[in-house]
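Undergrad: Take this structure first; my questions come after.
What follows draws every value from the coordinates through simple rules; no lab data is involved. None of these values were measured; they are calculated from a predicted model. FYI the Cβ positions are ideal-geometry reconstructions off the backbone, even for glycines, and counts take in every protein chain you see.
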Number of protein chains: 2
Amino acid sequence: MDARSILLIIFDGLGDRPIAELGHKTPLEVAPKPALDWFAANGVNGLLDPIAPGVRPGSDTSHLALFGYDPLKVYTGRGPFEAAGVGIEVGPGDVAFRCNFVTVDGDLNVVDRRAGRIREGTEELAKALDGMKLGRVKVLFRAGTEHRAALVFRGKGLSPQVSDTDPHEHAVKALDSKPLVPKAKATAKALNAFTKEAHKRLKDHPVNAERTARGEMPANLVLARGAGIFPDIEPVTKRYGLKAAGIAGVALIKGMYRAVGIEVLEVPGATGGLDTNMVAKADAALAALRTHDLVVVNVKAADLCGHDGNASGKITVVERIDQMMAAIKANLPQEAVVALTSDHSTPVAIKDHSGDPVPVTIFGEGVRVDDVMAYDERSAAKGGLGRIRGQDLMPILLSLANRGEKYGA
Amino acid sequence: MDARSILLIIFDGLGDRPIAELGHKTPLEVAPKPALDWFAANGVNGLLDPIAPGVRPGSDTSHLALFGYDPLKVYTGRGPFEAAGVGIEVGPGDVAFRCNFVTVDGDLNVVDRRAGRIREGTEELAKALDGMKLGRVKVLFRAGTEHRAALVFRGKGLSPQVSDTDPHEHAVKALDSKPLVPKAKATAKALNAFTKEAHKRLKDHPVNAERTARGEMPANLVLARGAGIFPDIEPVTKRYGLKAAGIAGVALIKGMYRAVGIEVLEVPGATGGLDTNMVAKADAALAALRTHDLVVVNVKAADLCGHDGNASGKITVVERIDQMMAAIKANLPQEAVVALTSDHSTPVAIKDHSGDPVPVTIFGEGVRVDDVMAYDERSAAKGGLGRIRGQDLMPILLSLANRGEKYGA
């Protein structure tokens, strides 16, 4: 049998709980969504626990599981994946930190943890720090959105077991990093040297001179937190023999893609916000299916509405997702296997990720089509897939795509 | 409660995917099968992933799981189980090889890897090799079907980490086995000594003299491949306190039985082919239920049709399986617990094992009978068992048979 291509679409945070004002239905249950329902009616459906029943997943752990990895084995904290997300080519053994540009006084007391909510000029500031050498440690540094940034230490024998330099409050001096285990001594020393050198390079930087001249707070220091070592993840290219591409608006998800060897495709208009151009994402995904074995799309918008407690916004997002699915339905290559699911529920009533399972639909040649007629939480519960886990999805898709390896003889 | 007997029937490769020419139904969904459906209607049903969702099982790993073992812990390759299948009483620490009788010239260059497709006389040739002593290594050797054979080394400190002597191609000299790790040195040496001694004993053997006289190629050497060490498996007699018997036509499955302490019953007419006498198997199973706690039956025919891509053949096999189940239904002892399942799907469209789950029906006193009325893939998905794994089956059957051990107090 010929191997088929796989299209995995992850509706971030789409699952929900019944909402009283919606007649005790979920946003998926009330929104009109003919294209999503078409896939459900012509596919096999079920409920998926991204990690395990009741476990509240992060987007990072959940994406690892949906890509077929055991997060308990390969997840080492958010830092390394965010660093990958802002474009640092992180590798095994690198230690990554999440950072803020901050404003400090002459004694390094924190005046503002977001450097006056700086938005412009952070890329130039980052360039002043990127490539710094601290003894045998090489520094990689990139700006993220607004005041956020990522710091990576590269070198031999580094350890993530060091304390933060970010005091997590104002009017307190930037902290010295301490080794939490003896072998982390060199890493803590390098981090403290970084703090000193960063202040030196930033305090009189032209971007900050202009900010001060405009009466804005200077971004004259970088504080680090959440050290994590980059895990040794076998990429999907090797693990499954898949040439893979991924589309996402937000940096963390791009980082998840890069971490497992999924090439990141930049799609103009795919912002990761509510204004994201979903049909552009659909078109890019369909184009990528011609040249890749696996294409992953993350659509963030539903999660944002969940976090905001915005039920009507979430309904509108479902309608927009449905337009995206109509575009995919219209131009889907015949041999593709399609999976529609979420990385977690973000119920409007909770305003955060919950442990509720999410619907999953698999569509494609050979699927045991069931009786389910709608793509929503309660319809999916009656489907032919039963209740599966995030880590089960990739083996199921590989088997349907005639790409699975036989275990035994 | 009195302990009950358990009848586990494994329809090898019976699960399938919807087939366009069958109106998008599976062979199980279109074949008339009143007896199978009777068991489904009067039992509890579900889907079973032999190993895990989406994982394509081998028959060997899957049977281990259905017997309640974790293949990841006890599966060490096909060789040891095939050796057990041809009747060698393999034990922990034994190293087993899959072998071919081959034809070589005077310099041990391979002329034919199947010794002219030899069919007769291999048992006499095997006897000439069985019992050979190579230093402190004892040789056990049995002929299999046609040119195939099994070789077992018994002794202290043997290792399976040795390279093959089979070059896997013609016109090449038989290979010297090399140790792949230092501690495998003695095993490689023994294997090379075996090659030499086997040629010496076979080249002028009367069977070969007759073959040469008839113008046929002599089976004048044995080449080995796929070394595997026999795992230390706790037999079902000890693990579950079950006196168990198994019926199968094919050697590998007989080997799986022997490996876990299930006595192999030879049933005249149970060939493992499409011509197998299924009703004879049913009668033998019913007779064995009077004297054993667990009786396992493997019916290979559906798998053969799957591998051949033969949909109508698979439908015919379902009808014949149904006759077998009618015979079992007619004479089943009242206290028996019956399970009907498969070791994997072998879809006609795939011509190989797939990762699709298989139907499972459990019938017997005390079972929570559900609404399912037919024994097939999609009906089973709506059953009261939900979606379980291969390793779950034996504990469920033991519990229903009042044989399960309590975990805790």
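Undergrad: Ranking request for peptides B:288-299, B:155-166: highest mean number of other beta-carbon atoms within 10 Å first, then the rest in descending order.
TA: Answer by packing, highest mean first, reads B:288-299, B:155-166.
Undergrad: Now, a different point. In the structure shown, do any of A:Lys300/A:Lys351; A:Lys73/A:Lys300; A:Lys254/A:Lys351; B:Lys133/B:Lys185 have a Cα-Cα gap over 19 Å, and if so which?
TA: Over 19 Å Cα-Cα: A:Lys73/A:Lys300; A:Lys254/A:Lys351.
Undergrad: Put the label 7 Å from Cα along Cα→Cβ for B:Arg201; what are its distances to the other copies, in nanometres, shortest first?
TA: Values, ascending and in nm: 7.4.
Undergrad: Considering only C-alpha atoms, what is the centroid distance from region A:1-38 to region B:202-218, in Å?
TA: Each part's Cα centre sits 71 Å from the other's.
Undergrad: What does the structure give for A:381-393 when I average, per residue, the other chain Cβ atoms found within 10 Å of the residue Cβ?
TA: 4
Undergrad: Would you list which aspartates and glutamates come within 18 Å of A:Lys243, measuring only between C-alpha atoms, while excluding same-chain residues fewer than 8 positions from it?
TA: The reachable aspartates and glutamates, counting only those whose Cα sits under 18 Å from A:Lys243, are A:Asp2, A:Glu234, A:Glu263, A:Glu266, A:Asp293, A:Glu335, A:Glu405.
Undergrad: Give the nm distances, rounded to one decimal, from A:Lys382 to the matching residue in every other copy, measuring between label points 7 Å along Cα toward the beta carbon; shortest first.
TA: Result, one decimal in nm: 0.9.
Undergrad: Pairing the Cα long axis of helix A:390-400 with the longest principal axis of chain A, what angle in degrees results, from 0 to 90 and rounded to the nearest 10?
TA: 50 degrees
Undergrad: Relative contact order for chain B: what is it in percent, counting Cα pairs under 8 Å that are at least 6 residues apart?
TA: Reported relative contact order: 33 percent.
Undergrad: If you don't mind, there's one more thing I want to ask. As a check on your grasp of the helix formula, calculate [θ] at 222 nm for chain B: sum -39500 (n - 2.57) over DSSP H runs of n ≥ 4, divide by the residue count, round to the nearest 500.
TA: Computed mean residue ellipticity for chain B: -9500 deg cm²/dmol.
Undergrad: Then there's this: Arranged by the count of other C-beta atoms within 10 angstrom, fewest first, what order do A:Ser59, B:Ser379 take?
TA: In increasing order of surrounding Cβ atoms, one gets B:Ser379, A:Ser59.
Undergrad: What does the structure give for B:67-77 when I average, per residue, the other chain Cβ atoms found within 10 Å of the residue Cβ?
TA: Neighbouring Cβ atoms belonging to other protein chains average 1 per residue here.
Undergrad: Using a simple charge model, +1 on the beta-carbon of Lys and Arg, -1 on the beta-carbon of Asp and Glu, nothing else, what dipole does chain A show about its Cα centre, in debye to the nearest 20?
TA: For chain A, the charge dipole is close to 1420 debye.
Undergrad: Classify chain B: rounded, prolate or oblate, from the alpha-carbon gyration tensor (a ≥ b ≥ c, eigenvalue square roots; a/c under 1.5 rounded; otherwise prolate if a/b is larger than b/c)?
TA: Judged from the Cα gyration tensor, chain B comes out prolate (a/c at least 1.5, a/b above b/c).
Undergrad: With springs only between Cα atoms under 10 Å, which of B:Val104, B:Val181, B:Val250 fluctuates most in a Gaussian network model of chain B?
TA: In this elastic network of chain B, the residue with the biggest mean-square fluctuation among B:Val104, B:Val181, B:Val250 is B:Val181.
Undergrad: Among B:191-197, A:91-97, A:130-136, how do they line up by average Cβ neighbours within 10 Å per residue, starting with the highest?
TA: A:91-97, B:191-197, A:130-136
Undergrad: Nearest beta-carbon of A to the rotation axis carrying it onto B: which residue, how many whole Å?
TA: Measuring from each Cβ to the axis, the minimum is at A:Gly386, 3.
Undergrad: Note down the nm distance, to one decimal, between modelled labels 7 Å out along Cα→Cβ at B:Tyr407 and at A:Lys73.
TA: Reported label-point gap for B:Tyr407 and A:Lys73 is 2.2 nm.
Undergrad: Using Cα positions and a limit of under 20 Å, work out the lysines in reach of A:Lys329, with same-chain residues fewer than 8 apart set aside.
TA: Partners found: A:Lys33, A:Lys281.
Undergrad: While we're on this one: Which residue fluctuates the most in chain A, going by a Gaussian network model with Cα springs under 10 Å, if the choices are A:Pro182, A:Pro218, A:Pro34?
TA: Of A:Pro182, A:Pro218, A:Pro34, the Gaussian network model singles out A:Pro182 as fluctuating most.
Undergrad: Label position 7 Å from Cα toward Cβ: report the copy-to-copy distances for A:Val181 in nm, one decimal, ordered from shortest.
TA: A:Val181 label point versus its equivalents elsewhere: 2.6 nm.
Undergrad: Then there is this: Can you give the net charge of the other residues whose Cβ lies under 12 Å from the Cβ of A:Val74, counting K and R as +1 and D and E as -1?
TA: -2
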